[in-house]
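Here's the structure, in structure tokens; my notes come after.
None of the figures in this text is laboratory data; all of them are computed from the coordinates on show. Note that this is a predicted model, so its numbers are computed, not measured. Cβ placement follows ideal geometry from the backbone for every residue including glycine, while neighbour counts extend to all protein chains displayed.
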There are 2 protein chains.
Amino acid sequence: MQNDLIAALSSSRLFREMAPEMLRTLACGAVTVSAQAGEHIFHTDEPATAFYLVKEGQVRLYRPNHEGNEKVFQVVSPGDLIAETAMFAEPCRYPLSAQAETAVCLYRVTRTTLLDLTRQSADFAMQLLATMSARIYQAVNRIDHLTIGNASQRLVLHLIDLSREQRSRRIHFPVSGGALARQLNIAPETLSRQLNHFKRTGLLDGRNRDWVLLDVDGLHRSVGLPPPSRKASEAWHDTDLGSDLFGCCNFR
Amino acid sequence: MQNDLIAALSSSRLFREMAPEMLRTLACGAVTVSAQAGEHIFHTDEPATAFYLVKEGQVRLYRPNHEGNEKVFQVVSPGDLIAETAMFAEPCRYPLSAQAETAVCLYRVTRTTLLDLTRQSADFAMQLLATMSARIYQAVNRIDHLTIGNASQRLVLHLIDLSREQRSRRIHFPVSGGALARQLNIAPETLSRQLNHFKRTGLLDGRNRDWVLLDVDGLHRSVGLPPPSRKASEAWHDTDLGSDLFGCCNFR
């Protein structure tokens, strides 16, 4: 198990520059955890005593609300970390709930192990600080997008974010249409109508969760946004932090 | 100047546990900067080479948008830090613009000085990580609130956040009504109508930027929200990080 975990950790962006003996210490403190689809790994606001690395399957990170709706912040896959940037707060609680989307197998590493190693290595602490600084930048972008009054503009900005994140004009919605509508604060019927409108006017093509952006400048123009800039925002995507609009909150 | 700055730094939450010799090093690398009302300290996306501590006056942190509107994320006052959590990213750019709201005097500390000190002290690095972890938690809360479809609910949650932040049922809006409406993604006339409705029904009282929450549970009930919980969310407010809904982005 340990060798598999060391290999998995050293291929993740956060841990790949960590010294081998530190990786071994991290792996020593780990156990594997399995869950069936629908089972919870942890709930929002529970004391956070460990972070996870996904070995197999997919995990939904969501926030429950009082109406019984779930707002899905992110769906994570093998190789992704869960909740590691949440580990440093005091008191330390999970900001989101994590639920197995499929049958999953996860590595569980205790918070204490991570904190001890961070204290020991200034390089690793700086790497963590850089990751978290970038995540806060992403949060600003996301909050900026969410306070755009116009639903069509929010949708276009999100399509562009997905395209940058997936490094392709062919995009796949990581969550269902209903969950996406909730993330963007758009009525589900408006989302579907707007996608169909873009399709009819030749700006994109596709169906369900799979779409191709045919005309990026045209998408911007059609909702009254200026054409996308090529400057700072792209540099951030190069840091490979995952989804811009929703990635700030997945704590991986 | 140095003694003033050391006193100011050691009264800020982030630096108050820093060793005296480190505080002196930080202060040695600092200069004072003055600006008239309306002048910019820095602009969004400019390379970030320094962070600031407000000595006198107020600074608006905002994000310009393509329609020429400004979305004010925060107004900071003497004793507040600006952009220090942005310093650790690579490439390092300011996520927001900072503009003098009044005549201001600021201490400017270079990024290099901060990074050098962080490398030297594991305690300080852990303190920074805790602050940033909490900020990301706040960002999740804020994004959660912003994706609530109902404008009245967003307003009530924001009033409660302000009340917790200001530790009083008497609250002062730190920004104008128009700026607040933009922050909450509510039309200005809706904001004003809703506040008057709450006033008429005896749930709050006040005018302009000054209000008193007369019935917190009633405010929740009137917009269909469950009564406020007393648990984790309050623990976070005790960490004194500033405004919950908008504080995550002021980088102080």
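Here are the numbers:
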{"quantity": "Estimated distance in nm for a label pair at A:R24 and B:A122, the labels positioned 7 Å out from Cα along Cα-to-Cβ", "calculated": "1.9 nm"}
{"quantity": "Calculated from backbone phi, Karplus (6.51, -1.76, 1.60) coupling profile of the range B:79-86 in Hz, x at Gly/Pro", "calculated": "x, 7, 9, 10, 6, 6, 7, 7"}
{"quantity": "Three-way shape call for the range A:62-153 based on the alpha-carbon gyration tensor, with the a/c threshold at 1.5", "calculated": "oblate"}
{"quantity": "Cα-projected label distance for B:H40 with A:H197, points at 7 Å along beta-carbon direction, nm", "calculated": "3.3 nm"}
{"quantity": "Alpha carbon Rg of the range B:2-120, scaled by the compact-globule rule 2.2 N^0.38 Å", "calculated": "1.05"}
{"quantity": "Theoretical FRET efficiency, 1/(1+(r/R0)^6), r = Cβ-Cβ of B:N208 and B:E17, R0 25 Å, to 0.05", "calculated": "0.05"}
{"quantity": "Loop-resident sites, the range A:62-168, for trypsin sites (Lys or Arg not before Pro), counting at most 15 other Cβ within 10 Å (DSSP)", "calculated": "A:R167"}
{"quantity": "Spacing of the two label points (7 Å from each Cα toward its C-beta) at A:T190 and A:R170, in nm", "calculated": "3.2 nm"}
{"quantity": "Residue-span extension gain [A:S10 to A:N65] - 0.36 nm each, minus C-alpha spacing", "calculated": "16.2 nm"}
{"quantity": "Relative frequency of Cα-Cα separations exceeding 30 Å in chain B, percent", "calculated": "31 percent"}
{"quantity": "The range B:1-60 - Rg (one decimal) and Dmax (whole number), Cα, Å", "calculated": "13.0, 37"}
{"quantity": "Among A:L225, A:L26, A:L191, residue whose mean-square fluctuation peaks in a GNM of chain A (springs only between Cα atoms under 10 Å)", "calculated": "A:L225"}
{"quantity": "Fraction of the pair-distance distribution of the protein assembly as shown above 36 Å, Cα-Cα pairs, percent", "calculated": "31 percent"}
{"quantity": "Shortest-first nm distances, A:P227 label point to equivalent points in other copies (7 Å, Cα→Cβ)", "calculated": "5.8"}
{"quantity": "Cross-link reach list, aspartates and glutamates versus B:K199, counting only Cα pairs under 18 Å and skipping chain neighbours closer than eight places", "calculated": "B:E189, B:D210, B:D215, B:D217"}
{"quantity": "Low-density loop cleavage sites - trypsin sites (Lys or Arg not before Pro) in the range A:2-60, where at most 15 other Cβ are within 10 Å (DSSP)", "calculated": "A:R13, A:R16"}
{"quantity": "Unit charges at the beta carbon, dipole of the protein assembly as shown: most positive-side option, A:I186, A:I160, B:V54", "calculated": "A:I186"}
{"quantity": "Ellipticity estimate at 222 nm from DSSP helix runs (n ≥ 4, -39,500 (n - 2.57)) divided over chain A, nearest 500", "calculated": "-12500 deg cm²/dmol"}
{"quantity": "Residues of type aspartates and glutamates that A:K55 reaches as a straight line, Cα spacing below 17 Å, ignoring anything fewer than 8 places off in the same chain", "calculated": "A:D4, A:E39, A:D80, A:E84, A:E101"}
{"quantity": "Of the DSSP H helices in chain B, those whose Cα atoms cover at least 27 Å axially and whose Kyte score averages 1.0 or more", "calculated": "none"}
{"quantity": "GluC sites (Glu not before Pro) restricted to DSSP loop in the range B:43-129 with at most 12 other C-beta within 10 Å", "calculated": "B:E67"}
